[in-house]
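Structure, as structure tokens:
What follows is calculated from the coordinates using simple rules that are stated; it is not laboratory data. In this text, all values refer to a predicted model and were calculated from it rather than measured experimentally. FYI the Cβ positions are ideal-geometry reconstructions off the backbone, even for glycines, and counts take in every protein chain you see.
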Amino acid sequence: MKFKDFQDRVLTTLNDYLTELQNQAAKSSKQAALAVANPDAGIQVADFTAEAWKALGAAGKLPPARAEVPFSPRVDGTGRPVPDVCLKVPTGGGKTLLAAASVSRILDKWLGKRTGFVLWICPNEAIYSQTRKALRDREHPYRHILDQASGGRTRILEKDDPLNKADVDGNLCVMLLMLQSANRETKESLRLFRDRGSVHGFFPAADDREGHARWLDDVPNLDHYSDVTMHWFVVKDSLGNALRVIRPIVVLDEGHKGYSKLAMETLYGFNPSFVLELSATPADRPKDKPPVFSNWLCDVRGTALDAEHMVKLPINVAVKAGKDWRACVREALDKLDALQADADRLRADCARYIRPICLVQVERTGKDQRDGKLVHSDDVFEYLLTLGLREDEVAIKSAERDDLKAPERQDLTSPTNAVRFIITKSALQEGWDCPFAYVLCSLAAVTSQGALTQLIGRILRQPDTEKTGIAALDECYVLCVHSKTKDIIAAIKNGLEQDGMGDLATQVKETDNGGTGDATKMQRRKGLETLRIFLPLVRWIEGDKVRDLDYEMDLLARTDPLAIDMQPLAEKLAKGDDDAASHFMRIGLVLETKGQHLKGNDDSDYKRDLLDLLTGSYKGQVVGAMQLDLGVDRALHCELVMENDWQTRVGALIA
């Protein structure tokens with residue numbers, strides 16, 4: 001399978017780390033041997049994981065963004081150092097693919113074998129089910145990678161499956177485990193540490209006291225039965241104990257969710273040989289004693305996914321005026337119909353199949369919560385049917401009702417699947433993946449935008465990670481009601497940050513008129529209440545076609561400012577000190593005026609900072625790339641002035 005460029009870079013860095021880890025581990029082994037042979041020499045055995053990290057940093061191969069964050073060492077339940085790295089990759093960047101490829105490299109370059117045990121920990125049921133389905137499918141690329149690593153001897157296990165030492169010795173066993181099951185204090189996880197009859201071959205017979213004593217000497221954190229007075233110890237035949245002696249490779253999907261103290265104690269108590277974390281937003285615990293940090297081996301940004309055509313951009317946001325949620329649903333249907341027409345044209349041209357889907361976020365889903373005040377999933381379902389959709393084209397996904405469970409609806413990318421609308425409140429969060437989702441229609445009030453933050457990542461993935469060449473099918477859309485534009489955009493940007501793509505926040509494009517979502521009535525000044533005002537309409541005529549003038553396309557794109565000869569103007573401005581000074585004041589003052597309602601928003605703050613920067617950076621002698629000598633030594637003054645300050649501030653600046 002061909003990896004994306006950024007995925008290749010991640011795996012190359014991992015290879016470099018594993019090579020350095022081998023070198024440093026060999027040095028530490030020699031130091032340990034010398035320390036044993038010379039107990040009085042005070043020889044210190046270096047932590048090979050820390051030394052390998054230090055060497056990688058010195059070679060400039062670690063993320064610059066974490067240059068000031070110290071390496072955070074890890075030890076297992078017996079006190080041995082454990083290599084631990086985090087691959088910081090955005091949601092949709094192929095973390096599972098990278099995990100499978102990384103396991104192959106860890107087996108080869110670090111453990112030096114083709115068999116062994118991988119404990120693959122998933123954060124929730126959705127991701128667990130997806131991973132299990134992919135790894136069990138022998139035709140899936142993830143399984144291909146593991147089969148190549150093991151020579152076709154791969155076994156996919158779950159926690160209740162029988163476990164035999166002979167299977168572990170002769171195969172690459174991958175056991176899937178839910179994060180909750182790895183938490184020692186839950187009832188479910190305690191089953192991992194119980195004696196059970198399905199774990200065989202790891203420990204001696206119950207009456208072999210010497211054998212059990214040797215195991216406890218070698219692995220002191222094994223659970224066991226004991227009678228201290230009789231000097232009798234028996235190691236439990238539990239899955240937890242088997243893992244402790246196997247020393248598995250641990251893959252921690254969504255690694256930031258496994259950073260509680262209890263989760264880390266349990267995880268490293270399995271005595272792992274290597275821990276690979278994957279996360280879009282890795283976690284740190286700087287207030288711990290000692291502090292615990294995530295060891296970022298790479299830092300993949302959203303722009304890397306965009307460069308590889310893996311995401312739909314820009315995110316077009318439209319907030320509808322008023323509170324009519326039905327109008328918003330109608331507009332979502334219109335948008336979906338337009339996208340479907342483009343998809344039909346694409347299929348006719350190159351046989352590529354896409355069926356655009358709209359996600360509708362409602363306020364209520366419970367069968368007893370339909371009160372006629374808040375938008376309920378059944379309200380939207382019934383309204384969509386009145387708009388002409390069939391029942392098989394609309395699905396509800398909630399805790400009580402899951403229409404997507406039906407076999408014919410599970411694969412949303414199948415041409416035989418008819419689903420076009422999915423109605424939910426917050427059920428489509430982490431782990432749900434459908435690249436055909438193009439439109440997010442949010443009918444929830446602004447106070448419910450937390451769910452919108454979670455849902456935004458569900459419409460970002462580009463089908464087949466390949467642009468279509470049709471602009472509308474390479475972008476995604478958010479339609480909202482009951483909300484203010486700035487709140488919606490803030491929720492979307494927050495969602496991008498949570499998905500590790502905060503650098504794509506500039507790709508959020510407002511397609512309404514910058515309003516708040518509610519019509520604002522403006523009061524006219526006295527004497528102008530009845531005045532009829534006519535605004536000019538500027539048109540662009542090209543051949544037989546007449547359309548509205550587009551400033552950027554029709555004027556700005558056709559103008560090369562650096563090609564304009566500004567020297568005559570500069571010479572004129574330089575004639576006489578008084579004349580030059582007066583002219584300079586005309587071009588030496590740059591004002592941006594803003595309505596008071598825009599005070600404090602992102603755009604106002606950005607422009608204020610930019611104008612302040614210009615004020616301090618440019619002098620009268622030279623202006624920008626045009627190199628105009630104005631013959632005066634006065635500073636260019638730039639300022640943003642809010643509506644309430646126009647009369648006082650503008651007058652003072654001009655005077």
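Quick notes
- Shown is the FRET efficiency for ARG352 and THR386, computed with R0 = 25 Å from the Cβ-Cβ distance and rounded to the nearest 0.05: 0.15.
- Under 5 Å between amide hydrogens, built in the peptide plane, is the criterion, and for LYS509 it picks out ILE315, ASN316, VAL317 among residues at least 5 positions away or on other chains.
- Computed from the Cβ-Cβ distance with R0 of 41 Å, the FRET efficiency linking GLN410 to THR511 stands at 0.80.
- Residue-span extension gain [ASP324 to ARG285] - 0.36 nm each, minus C-alpha spacing: 9.5 nm
- Note on the stretch 247-293 and the stretch 373-442: Cα centroid distance 36 Å, given to the nearest whole angstrom.
- Above-threshold pairs, the threshold being 25 Å between Cα atoms, out of LYS133/LYS467; LYS425/LYS486; LYS257/LYS405; LYS27/LYS113; LYS61/LYS88; LYS159/LYS397: LYS133/LYS467; LYS257/LYS405; LYS159/LYS397
- Around the amide H of ILE423, modelled in the peptide plane, lie the amide H atoms of VAL360, ALA395, ILE396, LYS397, all under 5 Å away and 5 or more residues distant in sequence or on another chain.
- Applying both filters, DSSP loop and at most 11 other Cβ atoms within 10 Å, to the GluC sites (Glu not before Pro) of the stretch 20-103 gives GLU68.
- Rg over Rh for the stretch 307-510 works out to 0.94, using Cα positions for both radii and the Kirkwood form for Rh.
- Overall form of the stretch 273-385 per C-alpha gyration tensor (a/c, 1.5; a/b vs b/c): oblate
- By the beta-carbon count within 10 Å of each Cβ, the least crowded to most crowded order of VAL380, VAL36, fewest first, is VAL36, VAL380.
- In order along the stretch 287-299, phi translates into HN-Hα couplings of 8, 5, 10, x, x, 10, 10, 7, 8, 6, 8, 8, 9 Hz, rounded to whole numbers, per the Karplus curve 6.51 cos²θ - 1.76 cosθ + 1.60 with θ = phi - 60° and x for Gly and Pro.
- Taking amide hydrogens as placed 1.01 Å from N in the peptide plane, the amide H of VAL69 sits under 5 Å from that of no residue at least 5 positions away in sequence or on another chain.
- Efficiency of FRET between ARG525 and LYS484 - r from beta-carbon atoms, R0 30 angstrom, step 0.05: 0.65
- Full extension of the chain segment joining GLU393 with GLN130 gains 92.3 nm, where the gain is 0.36 nm per residue of separation less the Cα-Cα distance.
- The length gained by stretching the chain between GLN567 and ALA445 to full extension, at 0.36 nm per residue less their Cα-Cα distance, is 38.3 nm.
- Computed from backbone phi, the HN-Hα couplings of the stretch 151-162 come to x, x, 10, 10, 10, 9, 10, 10, 5, 8, 6, x Hz, rounded to whole numbers (Karplus: 6.51 cos²θ - 1.76 cosθ + 1.60, θ = phi - 60°; Gly and Pro given as x).
- Mean separation of Cα contacts under 8 Å (6+ apart) over length of the stretch 1-116, as relative contact order %: 29
- Magnitude of the charge dipole, the stretch 307-510, Cβ model with Lys/Arg +1 and Asp/Glu -1, debye to 20: 420
- The stretch 354-423: trypsin sites (Lys or Arg not before Pro) falling in loop per DSSP and having at most 13 other Cβ within 10 Å: LYS367, LYS373, ARG390
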